[in-house]
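Structure, as structure tokens:
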Amino acid sequence: MQIENIATEPYNDQNPGTSGLRKKVRIFQQPGYLENFVQSIFDSLEGFTGQTLVLGGDGRYFNRIAIQIIIKIAAANGFGQLIIGQGGLLSTPAASHIIRKYKAFGGLILSASHNPGGPDEDFGIKYNVSNGGPAPEKYTDAFYQRSQIIDSYKTAKIDDVDLDRIGPQQIDELKITIIDPVTDYAELMQSIFNFNLLKQSISSGYISLLFDAMSAITGPYAKRILVDMLGASPESVINAEPLEDFGGHHPDPNLAHAHELAERMFSADAPTFGAASDGDGDRNMITGSNIFVTPSDSLAIIAANAHLIPAYSKGISGVARSMPTSQAVDRVAANYNIPCYETPTGWKFFGNLLDAGKITLCGEESFGTGSDHVREKDGLWAVLFWLNLIARKRQSVAGIVHEHWQKFGRDIYCRHDYEAVENSIANGIVEHLRSQLPTLLGQSFGEYVVKFADEFSYEDPIDGSTSQNQGIRIGFENGSRIVFRLSGTGTVGATLRIYIERFEADASRHDQDAQEALGDLIALAEQFCEIKKRTGRTAPNVTT
Ligand code: VG1
Ligand code: CO
């Protein structure tokens, strides 16, 4: 194999965010841009000579081109085997599973997840380590450091690889194995859930379902698992064909973006269960006939009922949630007497807890839920979990949710996103919030008395690593909270996220609309951050 050393100039913006490096496609298309970042990753790693690298993406625009580039760089850097999903496709949770199952050294996942795709939209790349999870910050920091001084990358002079022919191919000392992207993952799901019970519940008509793949990666996974294996009708999976531009939509599973699903689920002849996933298949939105389950509630309900699912029948060791996720799961943990960890936003912070067996389940308010079966959040896993729960409990989604609130109370919750805010304004807002923190303690705002006001920092209980500035929190004596954070996944300006929650114990008040029930806290949030005042906007871009 002939290897070339290509001279290159560093780019100064290759700092990975919450979940890998995300930029506009046109930025990735600059000469050497992708090459520099991939070589910076390999330069920061040790011991991979002859080892296996997993490679796949969500199929968005630039995926196939990027994969051919990466194959050549990986070959030149001495990997022994590349395992690649057919057509260059792998969902994020499937990639995590394949890294673990085939004991790979790591993997590169090409995705900008819920961000739109296409020539004028977003692309992304993320490195996952040998446990199958996103590289922790000490790795991503090293990649960035290296990218700032890189002066050459290595590439192998080999032909493009046929990504569509399943099976092994040998190129000199490098083995390339193209695998079906779905098979291993489907087997894993079958080992976790009661597929026989699900088949019966679907064929008898007890469960009718609708899954929106949003023209993204989960289409082939949902068709194989829900239709072929569990017997759902082919029409129950919509937008099932992965498209390079996701049909021009945001592949983001929420009521605003999954509107086709939302309309059906809130109509008179709604199916019993509806769900959607995102661009790379790690997020999930759960709905039932005329009900939407917030991701924070979904995590709590999953934790409370895990013993009903075959893989978790012996119980769960503990749970974790990201800081802005509601405290609903904390109540379940306290009730079951198991630990509950609070981590910064991003799945990379769950890896150590999962590896150490401290937690079995974890989740985020941003439509992410998962367990120790992989080291990523997993959209279809959450869908199957809910289906298994409905079948096992013989209850509707609404029935399950209301029963949960009866027992634990309801943490009424919402998130407001202000997208593409000018960076200077966004930074000004953060500075303004920061400046108020020292004086807020003990102050009263109507019925709300400030109990704590700080910037969240985290010390990993397993390796002792610390992460600062992970969001501004204002907590009140009655358990309510307002959290402010800037997004680390956007590609245009800054996105301010405002997370608001209040606990309601009184079951007669559980049916309130969240925006109304949180009205006074929403107003208080504006008083603290002044986003409307400073931007002239009148409403958030997205409310979830
Ligand atoms: C967002 C979510 C975060 C999630 C991340 C990656 O990050 O808030 O909870 O882990 O996206 O999800 P941020 O920094 O924009 O708030 V995915 O499905 O886009 O990889
Ligand atoms: Co995603």
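The values are calculated or read from the model by the stated rules, or taken from the named source; none is laboratory data. It should be emphasised that the depicted structure is a prediction, and the values quoted were computed from it without experimental measurement. Glycine gets a Cβ as well: all are built from the backbone with ideal geometry, and neighbour counts include every protein chain shown. Note: accessible area is taken over every heavy atom of the protein model, side chains too, but ligands, DNA and RNA are not part of it. Shrake-Rupley method; radii C 1.70, N 1.55, O 1.52, S 1.80 Å.
A straight Cα-to-Cα reach below 12 Å connects LYS199 with the aspartates and glutamates ASP228, residues fewer than 8 places away in its own chain not being considered.
With Cβ to Cβ distances under 11 Å as the rule, what net charge do the other residues near PRO234 carry (K, R +1; D, E -1)? If you can, show how the numbers build up before the last one.
On the way: positive: LYS223; negative: ASP228, GLU235.
Once positives and negatives cancel, what remains is -1.
How large a share of the accessible area of the stretch 3-179, in percent, is made up of carbon and sulfur atoms when the probe is 1.4 Å and the other protein chains stay in place? Mind showing how you got there, number by number?
Working: 3060 of 6520 Å².
Carbon-and-sulfur percentage of accessible area, whole number: 47.
Rg of the Cα atoms in the chain, relative to 2.2 N^0.38 Å, amounts to 0.95. Taking all protein chains as present, what is the carbon and sulfur share of the accessible area of the stretch 410-543, in % to the nearest whole number, probe 1.4 Å? Reported share for carbon and sulfur atoms: 46 percent.
I'd like the distance between the alpha-carbon centres of the stretch 232-257 and the stretch 112-154, rounded to an integer number of Å. Cα centroid to Cα centroid, the span is 26 Å.
Cross-link partners for LYS532 among the lysines, with Cα-Cα distance under 28 Å and sequence neighbours closer than 8 places in the same chain left out: LYS23, LYS24, LYS451.
Please report the equivalent ellipsoid semi-axes of the stretch 406-544, computed as sqrt(5 x eigenvalue) of the Cα gyration tensor, largest first, in whole Å.
24, 20, 16
At the residue level, ASP280 shows approximately 10 square angstrom of accessible surface with a 1.4 angstrom probe and all protein chains present.
Using a ≥ b ≥ c from the Cα gyration tensor of the stretch 3-179 (square roots of the eigenvalues), is it rounded, prolate or oblate, where a/c under 1.5 gives rounded and otherwise the larger of a/b and b/c decides, a/b for prolate? Before the final figure, lay out each step's value.
Working: a/c = 1.27, a/b = 1.15, b/c = 1.11.
The shape class here is rounded.
Counting lysine pairs in the stretch 44-168 that sit 8 or more residues apart in sequence, or on different chains, and whose Cα atoms lie under 23 Å apart gives 9.
Note on the stretch 398-456: percent of Cα-Cα distances in each 10 Å bin, starting at 0 and stopping at the bin with the largest distance, equals 16, 27, 31, 21, 6.
Please give the charge dipole size of the stretch 185-408, origin at the Cα centre, charges +1 on K and R Cβ atoms and -1 on D and E Cβ atoms. Round to the nearest 20 debye. Please report the intermediate quantities before stating the final value.
On the way: 16 positive and 24 negative charges, 207 e Å.
In total the dipole reaches around 1000 debye.
Scanning the chain for trypsin sites (Lys or Arg not before Pro) in DSSP loops with at most 16 neighbouring Cβ atoms within 10 Å leaves 166-313 as the longest stretch between them.
Could you provide, to the nearest whole Å², the per residue accessible area of the chain with probe 1.4 Å? Present the calculation step by step, with values, prior to reporting the outcome.
Details: 20050 Å² over 544 residues.
With the other protein chains kept in place, the chain gives 37 Å² per residue.
If you take the Cα centroid of the stretch 468-528 and the Cα centroid of the stretch 376-430, the two points sit 14 Å apart. In this Cβ point-charge picture (+1 for Lys and Arg, -1 for Asp and Glu), the chain has a dipole of about 860 debye about its Cα centre. Overall shape: prolate for the stretch 250-379, with the ratio a/c of the largest to smallest alpha carbon gyration tensor axis at 1.5 or above and a/b above b/c.
Given a 1.4 angstrom probe, I'd like the percentage of the accessible area of the stretch 185-408 that is carbon and sulfur, rounded to a whole number. It would help to have the intermediate numbers written out before the result.
Values: 3340 of 7120 Å².
Roughly 47 percent of what the probe reaches on the stretch 185-408 is carbon or sulfur.
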